[in-house]
Amino acid sequence: MKIALLNHGCAKNLVDSELMLGLLAEKGYEVTLDDSQADIVVINTCSFIHDAEKESVQSILQVAQGGKKVIVTGCLPQKYKGELKKAIPEIAGMVGTSDIREIVDVVEQVAKGKNNVNKVSERPQYIYPETIERQQITMGPSSYIKIADGCNYHCGYCIIPQLRGEYHSRTIENIVEEAKSLIEKGVSELVLIAQDTTSYGIDLYGKNSLAKLLEELNKIDGEFWIRIMYAYPSQMNDELLDAIAKLDKVVKYIDLPLQHYDKEILKAMRRPAFDYDELIAKIRTKIPDVTIRTAFIVGYPGETDEQFNALYEFVKRTRFDKMGVFEYSREKNTTSYSMQDQVPAKIKRQRRKKLMTLQQKISKEINENFIGKTLNCLVEGFTDDGLVILRSQHDAPEIDGMVYASAEKSVIPGDFENVLIENSDEYDLFGRVV
Ligand code: SF4
């Protein structure tokens, strides 16, 4: 029997999809990413904001209308449980965020013709299923490693802690073992992810242990990069910054979603409200040539013109290398849902556009500074017209820009090559392999 898996949402969800694929393959199921070829389709869903939910629901309806048996997993059934089945009766089975191991049983029951198989824990507690061998969905020469899941924060706009439970770290030994096996398989970049990577180890070892984990990963033999995503501002301590600066395999790239600048808005968001100018200055002093990516939410309830302008001025003087801007999305069961002074959609849109326009100009100028420099890049693949697609350590996979280069020698995906940068635009760099 052929099973297809469709993945929605973030990198953390992708790892869960890969774990489910691994379990199904181990049981002898033929697994595919093409739903037209399958008898049963597993749809791993996202429920972070309304738009993501809509995308997941559309995917379920589309597959169900095609006459396939549908199993829905992840955040959507975790959030809505029985209501989801009532709303879409075609759903034959459901698996919650912390019930990944049940996927085989649910598939078996659905294959036998049952159509109301429900394995969704009432109180999710995501514990990484260490014994499952992941079946990787291709991401070029890079691979995500989930170092923890769940979250102990309660940001005012976020529903994740309700969907994933408390923060749970994996042990350093388990992560290093997984990293070694990925490197042996030819992976050239390990991308460490969690809802918040910088809280790593607090639950297991009684203190932040990301620096220690990086040191252990850095000892693994081979030529590869280590990248950390999703840092939390108040956890950027000196020990971690020093580790990033000194460890040769750790890329000098920090993904630090700040969400806002104004302290009143940050407090209303239940986020750390301290001097972010100082934090950025400290990072830049400790890690010369660091690339900083951040993200902001505009139009949070109560955000005034002055507060938005303070954010705008912060972005203008800080000149982040990369930046994402999101309009606040009002989600049920979050503390911001019932806040007064919701900002009209039109103003949210305008504020996002204003910030993005500013960032495009900054990004273009930053990219121009690379012209004439030689960057060590990871080969990702080739364009149809024969250019090599690469990525430098300044860019994270799937969200940042690429380097496109001509080459007079043959190059292989997964290898590192030097590229002389000759041209640029807001997002990408262009040059030749030297
Ligand atoms: S840190 Fe905040 S935004 Fe991130 S998952 Fe936790 S609660 Fe959500």
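Residues of the stretch 48-79 that are surrounded by fewer than 16 Cβ atoms within 10 Å (Cβ to Cβ) and among the aliphatic types (A, V, I, L, M): 61 alone. Residues of the stretch 137-161 that are surrounded by fewer than 22 Cβ atoms within 10 Å (Cβ to Cβ), among the polar types (S, T, N, Q) and away from the ligand (no atom under 14 Å from the Cβ): 138 alone. The set of residues in the stretch 170-216 that are away from the ligand (no atom under 16 Å from the Cβ), closer than 14 Å to residue 240 by Cα and among the hydroxyl-bearing types (Ser, Thr, Tyr) contains only 209.
The selection criterion, being more than 26 Å from residue 367 (Cβ to Cβ), among the basic types (Lys, Arg), within 16 Å of the ligand (Cβ to nearest atom) and in contact with a Phe, Trp or Tyr (Cβ under 8 Å, 6 or more places away or on another chain), holds for residue 270. Do you know which residues across the stretch 402-434 are in contact with a Lys or Arg (Cβ under 8 Å, 6 or more places away or on another chain) and either of a type in the set (Lys, Arg) or under 15 Å from residue 140 (Cα atoms) (or both)? Matches in the stretch 402-434: 402, 403. For the stretch 225-241, check the following and say yes or no: at least one residue is under 21 Å from residue 188 (Cβ atoms), assigned by TED's automatic domain parsing to the domain that holds residue 153 and among the basic types (Lys, Arg). So far as the stretch 225-241 goes, yes, one or more of its residues are under 21 Å from residue 188 (Cβ atoms), assigned by TED's automatic domain parsing to the domain that holds residue 153 and among the basic types (Lys, Arg). Selection over the stretch 80-123 of residues that are of a type outside the set (Gly, Ala, Ser), part of a helix (DSSP H, G or I) and either buried (at least 22 other Cβ atoms within 10 Å of the Cβ) or touching a strand residue (DSSP E or B) at 6+ places or on another chain (Cβ under 8 Å) (or both) gives a count of 10. All of 180, 249 fail the test of being surrounded by fewer than 15 Cβ atoms within 10 Å (Cβ to Cβ), over 16 Å from residue 279 (Cβ atoms) and not aromatic (Phe, Trp, Tyr), apart from 180. All conditions but one from (1) in a strand (DSSP E or B); (2) surrounded by 14 or more Cβ atoms within 10 Å (Cβ to Cβ) apply to residue 381; the one that does not is (2). Each residue in the stretch 316-349 was checked for being touching a strand residue (DSSP E or B) at 6+ places or on another chain (Cβ under 7 Å) and not hydroxyl-bearing (Ser, Thr, Tyr), and 10 pass. Please determine, by comparing only the residues of the stretch 305-344 that are within 28 Å of residue 161 (Cβ to Cβ) and hydroxyl-bearing (Ser, Thr, Tyr), which one is surrounded by the most Cβ atoms within 10 Å (Cβ to Cβ). Filtering first and then ranking leaves 328.
Taking the condition part of a loop (DSSP other than H, G, I, E, B), within 21 Å of residue 398 (Cα to Cα), at pLDDT 95 or above and within 21 Å of the chain's Cα centre (by Cα), does residue 326 pass? So residue 326 does not fit the description; no. When each of 301, 288 is tested for being within 22 Å of residue 155 (Cα to Cα) and more than 24 Å from the chain's Cα centre (by Cα), the lone residue that passes is 301.
Set side by side, the residues 414, 401 differ, and just one is part of a loop (DSSP other than H, G, I, E, B), within 23 Å of residue 225 (Cα to Cα) and touching a helix residue (DSSP H, G or I) at 6+ places or on another chain (Cβ under 9 Å), which is 401.
The values are calculated or read from the model by the stated rules, or taken from the named source; none is laboratory data. Not measured: the values here are computed from a predicted model. Heads up, the Cβs are rebuilt from the backbone with ideal geometry, glycines too, and the neighbour counts pull from every protein chain shown.
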